[in-house]
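Worksheet: the structure to be examined is printed underneath.
The values are calculated or read from the model by the stated rules, or taken from the named source; none is laboratory data. Because the structure is a prediction, the values reported are computed rather than measured. Virtual Cβ from ideal backbone geometry, glycine too; neighbours counted across all protein chains shown.
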Amino acid sequence: MGRIEILGVEFYPITLEGAMQAVDWMLSRDDGRTRLVVTGNPLMVIAAQKDPEFMSILRSADLMVPDGVGILWAAQKLGKKLPERVDGVSLVYRTLQMRPSPRVFLLGGKPGVAEKARLAAEKDMPGVRICGTHHGYFHAAEEDKVVQAIAEKKPDVLFVGMGSPKQEKFIWKNRHRLGAKVAVGVGGVLDILSGQATRAPESFQKAGLEWLFRLVREPRRLKADLGLLEFVARVEAQAFRQRKTKQEGEEDDAVNQLW
């Protein structure tokens with residue numbers, strides 16, 4: 001499958017259904033390695049420009065899907081096409097609704113949030129198998145103990161909601177020790193699953209304005225969302241360079257034809 005590169009980060013041109021098929025394939029593997037699924041958005045792409053370690057992880061991810069209309073816009077600006085947005089919330093819910101249910105471990109959120117998410121999921125989705133939970137507010141010195149606790153539960157799927165890039169770095173660093181077959185960085189999805197946070201109304205989702213809904217409810221996000229302006233500027237610059245390179249190539253071809 002051809003990938004689409006946006007500021008050095010490669011996205012799969014995939015639908016939600018295609019992503020679920022990929023997850024299903026990953027669940028069929030049994031090679032002792034946890035495969036990383038990243039739901040990439042513009043702010044993550046910008047963060048990777050300034051963090052070589054994070055950039056390397058994103059480029060090495062087993063599945064990189066476009067979460068956010070900004071990624072779809074950027075692909076179009078660069079002359080490519082991504083079929084649809086594949087957001088983390090939908091990916092989590094679809095995975096939890098798989099039957100038979102994979103064994104799922106929830107890691108992240110403030111103390112108590114992951115457990116509330118488990119109770120809510122078990123109530124709303126009979127048959128779901130959540131084998132363990134742990135909050136995401138642990139110190140670096142406690143990381144090995146958390147990894148061991150996850151591995152002991154032998155999950156098929158690990159959802160990590162600790163914010164990016166922390167969650168992706170945690171998964172990548174421990175991918176040979178976690179014991180899960182698939183791990184997904186899910187940001188604040190556990191807060192939504194637990195009822196601690198509310199997702200944007202469907203009208204905002206369809207219009208690609210979830211960021212505006214979050215900003216109105218959480219003005220403190222303004223500084224982070226300013227990164228969107230940098231993303232737009234960098235994509236415009238990449239598109240300009242592509243057009244210039246193409247134009248120069250066409251001019252060279254014209255000269256060669258004359259000779």
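Quick rundown of the values:
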{"item": "Criterion: more than 18 Å from Gly88 (Cα to Cα) and either surrounded by fewer than 20 Cβ atoms within 10 Å (Cβ to Cβ) or over 12 Å from the mean Cα position of the chain (by Cα) (or both) - qualifying residue of Gly18, Gly32", "result": "Gly32"}
{"item": "Criterion violated by Arg103 - all others in (1) touching a Phe, Trp or Tyr at 6+ places or on another chain (Cβ under 6 Å); (2) farther than 17 Å from Phe231 by Cβ; (3) of a type outside the set (Phe, Trp, Tyr); (4) without any contact (Cβ under 8 Å) to a residue 60 or more places away in the chain satisfied", "result": "(1)"}
{"item": "Search result, residues across segment 47-98 that are among the aromatic types (Phe, Trp, Tyr) and surrounded by fewer than 20 Cβ atoms within 10 Å (Cβ to Cβ)", "result": "Trp73, Tyr93"}
{"item": "In segment 116-143, residue farthest from the chain's Cα centre (by Cα) [restricted to those that are assigned to a helix (DSSP H, G or I) and basic (Lys, Arg)]", "result": "Lys123"}
{"item": "Residues of segment 144-203 classified as part of a helix (DSSP H, G or I), small (Gly, Ala, Ser) and modelled with pLDDT of 95 or more, total", "result": "2"}
{"item": "Leading residue by the ranking (nearest to the chain's Cα centre (by Cα)) among those in segment 228-248 that are of a type in the set (Asp, Glu) and modelled with pLDDT under 95", "result": "Glu230"}
{"item": "Qualifying residue in segment 88-95 (condition: in contact with a Pro (Cβ under 6 Å, 6 or more places away or on another chain) and modelled with pLDDT of 95 or more)", "result": "no"}
